[in-house]
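Here's the structure, in structure tokens; my notes come after.
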Amino acid sequence: MTRRHLALALSLAVAAPSLHAQHALRTGGQYDASVPAPRSVLGYDVGDRFTQHHLLMRYIDRVAAASRRVHVDTVARTFEGRESVMLVITSEANQQRIEQIRTDAVALSDAIGEAGGRATAIAARLPVIVWLGHTVHGNEASGAESAIALIYQLAAGQDPETRMFLDSAVVLIDPLQNPDGHERHAHDVQRATGAFGPSPIPGGLVHSGSWPGPRTSHYYFDLNRDWFTMSHPETRGRIASMLRWRPHVAVDLHEMGSSSSYFFPPPMAPVNKNIHATITKWWEIFGASNAAAFDANGWSYFRREGYDFFYAGFGDSWPAFNGAIGMTYEQASSSGGAIRRSDGTVLTLREAATHHYTASWATLMTSARRARERVRDYLAFRTSAISEGERGPVRAVVIEADVQSRGDSLASLLQRNGVTVQRLRAPADVRDASELGGTTGAARIPAGSYVVDLAQPAGRLARALLEPDAVLDSSFIAEELESRRNDQGDRFYDLTAWSMPYAFRARAWSTRALVGATEGATFTRAPVAELAEATYGYAFEPGSEASTALLGQLLRDSVRVWFAPRAFRSGDTRFVSGAFVVRVAANGTRVHAIVRRAIAATGARIVPLGSAAVAEGADLGSNSVFPLRVPRVALLGGDPISGQSFGYAWYAFDHRLQYPVTTIGVSGVTGAALDDFNVLVIPSVSASALNGVLGDSGRQRLAGWVRSGGVVIAIDNAMSWLATEATGLSRLRVRRDTTTRSDTLGAPLATEVPGAIVRVVGDTLSPLMAGIRERVFPALLFSDRIYTAPRDFRAGEVAVRYESQARLRLGGYLWPEVPARIAGTPYLWTERVGRGRVIGFAGDPTFRDMFRGLIPLFANAVFLGGSY
């Protein structure tokens with residue numbers, strides 16, 4: 001959606017006083033007096049304070065109204081309703097042909113067919129396109145301030161250097177990637193700042209903020225990890241704009257610890273194997289230009305340490321897999337605006353913003369001066385991705401279109417990432433197919449399966465997202481093992497495994513050649529067929545995202561639902577174990593309209609039933625078919641709960657389960673408010689910290705509530721709280737054995753697994769496994785906690801366990817002793833406590849909304865936990 005500026009152009013494009021015709025981050029220079037300087041609109045100089053969202057938007061509006069160099073698009077609205085915008089800034093001449101520039105950029109990026117024949121001519125004339133993203137973490141706010149100065153410089157600057165850049169380049173500026181988080185930061189700092197400005201004392205309230213801090217989004221997600229997952233509107237809008245413009249350089253501006261200096265690439269090891277040589281070449285080029293700019297000012301900086309380039313979902317890596325020179329710039333944080341550092345100096349917001357501005361300007365100048373070379377190398381990246389895919393050991397990845405639509409969801413997401421996806425027209429027999437997580441050999445791949453040909457311009461991105469195991473250098477692993485033995489910590493920065501077929505629990509194969517005849521894949525939801533009015537009831541199967549949302553909507557509308565734990569056949573329709581049944585007589589005639597409305601909203605498949613009698617299995621009036629208790633759910637938040645784990649669960653309720661949840665603090669657990677709920681979800685939290693805030697009386701209150709019928713669902717580290725003897729709610733225990741550095745020395749080795757994907761094994765008789773048809777399936781292992789079930793555990797209590805040692809790992813890195821230690825231990829534990837139940841997840845099934853194949857486990861815990 002394009003922002004409108006006609007009225008503003010008439011009323012707001014007023015010449016700024018000459019005193020203000022500059023900005024605080026760069027002295028001197030000539031400026032167009034008709035373009036408002038920051039101070040004339042904001043009332044303060046850039047770097048004096050943190051700029052709130054409405055003031056940033058006001059300034060952008062006025063600059064765009066006054067300058068023909070600037071065009072502004074609204075690319076998204078956040079969950080809190082704030083605009084996320086992108087500025088397109090270039091010379092007036094380029095703006096007059098901007099749509100042709102954009103069309104050329106896309107044609108060059110495609111580099112195939114007709115576009116491939118024109119590629120050399122396009123590369124010779126296309127301006128270099130540079131994307132600058134600021135403040136993806138809300139409290140890393142010097143980026144947004146530097147963006148204001150940069151916008152003014154490019155819109156108003158009349159000096160030869162600025163004009164040269166504008167003639168040679170198009171810059172895309174995302175001035176505030178995380179509007180909701182940044183607004184929390186600006187308000188927290190504003191409330192804690194006194195008459196004499198922010199206190200530089202590190203322990204001051206101005207530097208801390210309120211729980212859980214402003215780094216994250218509305219749902220407390222880290223948006224810098226959301227790039228290929230695209231769970232948030234800001235990310236979806238950002239990816240869409242990236243695919244509209246296909247930038248050649250992409251810089252993500254961050255902050256780090258206050259006592260650091262400044263980081264820019266080249267990055268440290270490990271570097272993902274799918275990164276092409278053109279990317280590493282330009283890291284050196286941009287690193288040298290940034291270094292020269294900082295050396296000219298006598299500023300410190302560092303490279304090749306602290307920040308790796310392995311995970312595919314960052315704001316630098318996702319563009320790099322598409323051919324842009326993706327780079328992270330990290331500035332030491334001024335925290336609340338001015339902070340005393342470990343060397344005794346005080347770092348201010350203006351200094352931090354100046355460093356970001358200087359690095360950005362050096363990057364823009366290098367991009368413009370070497371525009372032809374950069375565009376040619378971009379073209380070489382995209383064309384070589386095709387040839388590399390043609391001659392590589394894997395030509396295609398095929399994803400099954402399963403009955404639960406997990407393959408549909410994955411293929412649709414890949415397409416929204418810019419990956420070309422085709423659909424198989426007829427079944428195909430493949431002689432040598434490698435099933436991900438399975439065997440290699442002959443396979444019959446069903447019609448309708450999705451085919452991703454890696455010989456495409458986006459082939460490197462496709463490979464990075466779909467390969468089962470991202471390769472780590474053996475030399476890097478050797479160094480990490482030695483460092484670990486010497487208690488030096490590790491360099492794993494984020495996940496070491498994220499393969500999307502595993503995350504979606506989708507069946508997939510890699511093939512050495514293309515598979516069968518294909519056609520373009522489309523993902524528009526098919527119209528819902530007219531539903532015949534049922535006499536007895538309606539039934540639907542569990543497990544799909546649509547059926548999970550359908551169940552949530554029905555329960556939300558006070559529809560009574562039953563659970564059939566055994567498989568059955570009604571007429572020509574077979575239902576797997578764990579189907580849901582809506583009885584008409586128990587709900588009244590209103591149920592027909594509610595069901596029709598719910599399937600229209602979710603797209604779920606539901607079958608009308610004419611009788612309680614079934615052709616196979618237990619009749620639907622059997623006592624084995626039990627009613628669901630309507631969950632009244634509380635989600636525990638506030639200190640000391642992990643804000644991100646809280647946000648993942650909150651998002652899952654709102655967008656996957658589509659079921660209301662009330663967020664409460666610890667005082668709600670210890671007081672009478674708990675009586676309003678029958679399910680309590682506890683996100684990840686330290687056991688000692690939670691026990692500390694609950695106290696003896698709080699633990700007793702919570703235990704009594706569970707014994708009276710309440711359900712506690714403990715996620716990730718909260719399972720270690722559940723497993724403590726002091727809690728008195730579970731027979732599960734944390735295993736205390738450690739691995740030491742030698743046979744004689746007792747110092748323990750760190751055992752935190754850096755985000756690997758492993759096999760887990762489900763108890764198919766457990767209701768918590770409803771909708772998960774595979775007995776063995778993938779899960780994320782991202783902790784150092786191992787649990788021991790009691791020797792007398794009952795059937796169904798270990799609902800899911802980790803696979804055996806030899807079969808545990810699917811992808812990512814595990815320390816050598818981890819498989820033997822964790823094999824066979826509980827991943828999902830449940831037990832009866834009085835009339836209530838406790839459920840514990842050793843990991844987080846809602847993690848980053850990434851592992852969507854695990855959402856049914858979480859949904860079953862919520863919807864079924866209090867009913868069996």
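Peptides 609-616, 248-255, 395-402, 727-734 ordered by packing proxy, namely the average of other Cβ atoms within 10 Å per residue, highest first: 248-255, 395-402, 727-734, 609-616.
Using the Kirkwood radius built from alpha carbon pairs, what does the Stokes-Einstein equation give as D for region 474-578 at 20 °C and 1.002 mPa s, in µm² per second? Before the final figure, lay out each step's value.
Working: Rh = 20.1 Å.
Estimated via Stokes-Einstein, D reaches 107 µm²/s.
Projecting the Cα positions of L176, N139, A458 onto the charge dipole of the chain (unit charges on Cβ atoms of Lys, Arg, Asp and Glu, taken about the Cα centre) puts A458 furthest along the positive direction.
Mind running the shape call on region 233-332? Use the C-alpha gyration tensor, a ≥ b ≥ c as the square roots of the eigenvalues: rounded below 1.5 for a/c, prolate if a/b tops b/c, oblate otherwise. Walk me through the numbers on the way to the answer.
On the way: a/c = 1.72, a/b = 1.52, b/c = 1.13.
Cα axes put region 233-332 in the prolate bin.
Please work out the FRET efficiency for the pair F626 and A532, using the Cβ-Cβ distance as r and a Förster radius of 22 Å; give the result to the nearest 0.05. Show your work: numbers first, answer last.
On the way: r = 26 Å, r/R0 = 1.20.
In this case the efficiency is close to 0.25.
Accessible surface for M365 stands near 10 Å², nearest 10, in the context of the full protein assembly shown (1.4 Å probe).
Averaging Cα coordinates gives a centre for region 610-679 and one for region 18-92; these two points are 46 Å apart.
Of the chymotrypsin sites (Phe, Trp or Tyr not before Pro) in region 512-611, which ones lie in a loop per DSSP and count no more than 14 other C-beta atoms within 10 Å?
On the way: sites: F523, Y536, Y538, F540, W562, F563, F568, F575, F580; in loops: F523, Y536.
Hits after loop and neighbour filter: F523.
Under 1.5 on a/c is rounded, so check that first for region 22-95, then, if it is not, pick prolate when a/b is larger than b/c and oblate when it is not; a ≥ b ≥ c are the square roots of the alpha carbon gyration tensor eigenvalues. In terms of gyration-tensor shape, oblate.
Using the Karplus relation 6.51 cos²θ - 1.76 cosθ + 1.60 with θ = phi - 60°, the per-residue 3J(HN,Hα) values for region 790-804 come to x, 5, 9, 4, 8, 4, x, 6, 8, 5, 9, 10, 6, 5, 5 Hz, with x marking Gly and Pro. If you find the alpha carbon centre of region 173-209 and of region 432-495, how far apart are they in angstrom? Cα centres, region 173-209 to region 432-495: 40 Å.
Using unit Cβ charges (K, R positive; D, E negative) and no other charged atoms, how large, in debye to the nearest 20, is the dipole of region 18-147 about its Cα centre?
Numbers: 13 positive and 14 negative charges, 50 e Å.
That gives a dipole near 240 debye.
In terms of packing, defined here as the mean over residues of other Cβ atoms within 10 angstrom, the peptides 228-240, 417-429, 666-678 line up highest first as 228-240, 417-429, 666-678.
Per-residue surface analysis assigns T440 an accessible area of about 90 Å², computed on protein heavy atoms at 1.4 Å probe radius.
So if I place +1 on the C-beta of Lys and Arg and -1 on the C-beta of Asp and Glu, and nothing else carries charge, what would the dipole magnitude of region 361-503 be about its Cα centre? I want it in debye, nearest 20. Don't skip to the end; give the middle numbers.
Working: 19 positive and 20 negative charges, 177 e Å.
With Lys and Arg at +1 and Asp and Glu at -1, about 860 debye.
Counting only DSSP beta bridges with both residues in the chain, what percent are antiparallel, rounded to the nearest 5?
Details: 79 of 115 bridges.
Within the chain, antiparallel bridges account for around 70 percent of the total.
Against the main long axis of the alpha-carbon atoms of the chain, helix 98-110 sits at an angle near 50°. Extending 7 Å from the Cα toward the beta-carbon at both S611 and A673 defines two label points whose distance is 5.2 nm. For the chain, with all protein chains in place and a probe radius of 1.4 Å, 50% of the accessible heavy-atom surface sits on carbon or sulfur. Using only Cα atoms, tell me the angle between helix 687-707 and the longest principal axis of the chain; keep it within 0 to 90° and round to the nearest 10. Compared with the principal axis, the helix lies near 30 degrees. This structure gives P(r) over Cα pairs in 20 Å bins from 0, in percent, computed directly, and of (1) 13, 36, 26, 14, 9, 2, 0; (2) 14, 44, 34, 8, 0; (3) 11, 32, 30, 17, 6, 3, 0 that value is listed as (2). Taking the longest Cα principal axis of the chain as reference, the axis of helix 474-485 is set at about 80 degrees.
A dipole drawn for region 782-844 from +1 and -1 charges on Cβ atoms has a positive end, and of Y813, P790, A823 the residue lying farthest that way is P790.
Normalising by the residue count of the chain, find the relative contact order in percent from Cα pairs under 8 Å and 6+ residues apart. Working shown, then result.
On the way: 1909 pairs, mean separation 83.5, N = 868.
Computed value for the chain: 10 percent relative contact order.
Other residues within the sphere of radius under 10 Å centred on the Cβ of L495, judged by their own Cβ, net out at +1 (K and R +1, D and E -1). A 1.4 Å probe run over region 58-170, with the rest of the protein chains in place, finds 31 Å² accessible per residue. In a reduced charge model with +1 at each Lys and Arg Cβ and -1 at each Asp and Glu Cβ, the chain shows a dipole moment near 1520 debye about its Cα centre.
Please give the peptides 174-187, 805-818, 474-487 ranked by average Cβ packing (other Cβ atoms within 10 Å per residue), highest first, as a rough proxy for protection.
Details: 174-187: 25.7, 805-818: 17.9, 474-487: 12.9.
For the peptides 174-187, 805-818, 474-487, the packing ranking is 174-187, 805-818, 474-487.
Does region 77-168 come out rounded, prolate or oblate by the C-alpha gyration tensor, with a ≥ b ≥ c the root eigenvalues, rounded set by a/c under 1.5 and, if not, prolate when a/b is larger than b/c and oblate if not? Walk me through the numbers before you get to the answer.
Values: a/c = 2.58, a/b = 1.46, b/c = 1.77.
Here region 77-168 falls in the oblate category.
Over the residues of the chain, the helix contribution to mean residue ellipticity at 222 nm works out to -10000 deg cm²/dmol, using -39500 (n - 2.57) for each DSSP H run of at least 4.
The values are calculated or read from the model by the stated rules, or taken from the named source; none is laboratory data. Quantities reported herein were computed from a predicted structural model and do not represent experimental measurements. No Cβ is skipped: glycine too gets one built from the backbone with ideal geometry, and neighbour counts run over all protein chains shown. Just so you know, the surface numbers come from the protein's heavy atoms only, side chains and all, with ligands and any DNA or RNA stripped out. Shrake-Rupley method; radii C 1.70, N 1.55, O 1.52, S 1.80 Å.
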